[in-house]
Amino acid sequence: MKRAIVALLTVLLAGCQSMELEAPEVAKPRPVAPSVPTLSGDALQAFLVGKTLRYNLNGVASTFFTDGRYGYRDYEVRDGGSYTITGDEVCITFEDGGRRCDQYALIGSDYYRIEEGGRRTKVDRVGPA
């Protein structure tokens, strides 16, 4: 019985060694393309630059200053950095070195921020920076 188990394990392990494994990048999350048309170019610039956006999430506000600075705050955190707009994305580089790229879309009569993973957050108000 022991020999049968050892033989079976040997065959199974030999089969595993001959299998091709997928490339390591498969494990990395890939951005999800939004299923709605996003703002881009002049429309995205007009929507963001010189504005403060308030979201329906934990008192979060993002400010896109006209000189390229970015400000973030919620009930507990204040952060800053810089932003660039390219095509239909705004990419933010935070002071601590973190980076994130978002898109914005008009869905019905409401604007939404769409994060790299596809999460949507409704923009409640847009005001001056």
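No lab work stands behind these numbers, since they all come straight from the coordinates. In this text, all values refer to a predicted model and were calculated from it rather than measured experimentally. Cβ atoms come from the backbone with ideal geometry, glycine included; neighbour counts cover every protein chain shown.
One table, with the values for the structure above:
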quantity: For LEU48, LEU57, LEU106, order by how many other beta-carbon atoms lie within 10 Å, fewest first; calculated: LEU57, LEU106, LEU48
quantity: Ranking of GLU95, GLU76 by count of other Cβ atoms within 10 Å, fewest first; calculated: GLU76, GLU95
quantity: Fewest-first ranking of ILE107, ILE85, using other Cβ atoms within 10 Å as the exposure measure; calculated: ILE107, ILE85
quantity: Counted charge near ARG78, where neighbours are those whose Cβ lies closer than 14 Å (Asp, Glu -1; Lys, Arg +1); calculated: -3
quantity: Two-site label geometry, THR121 and ASP74: point separation in nm, points 7 Å out along Cα→Cβ; calculated: 0.6
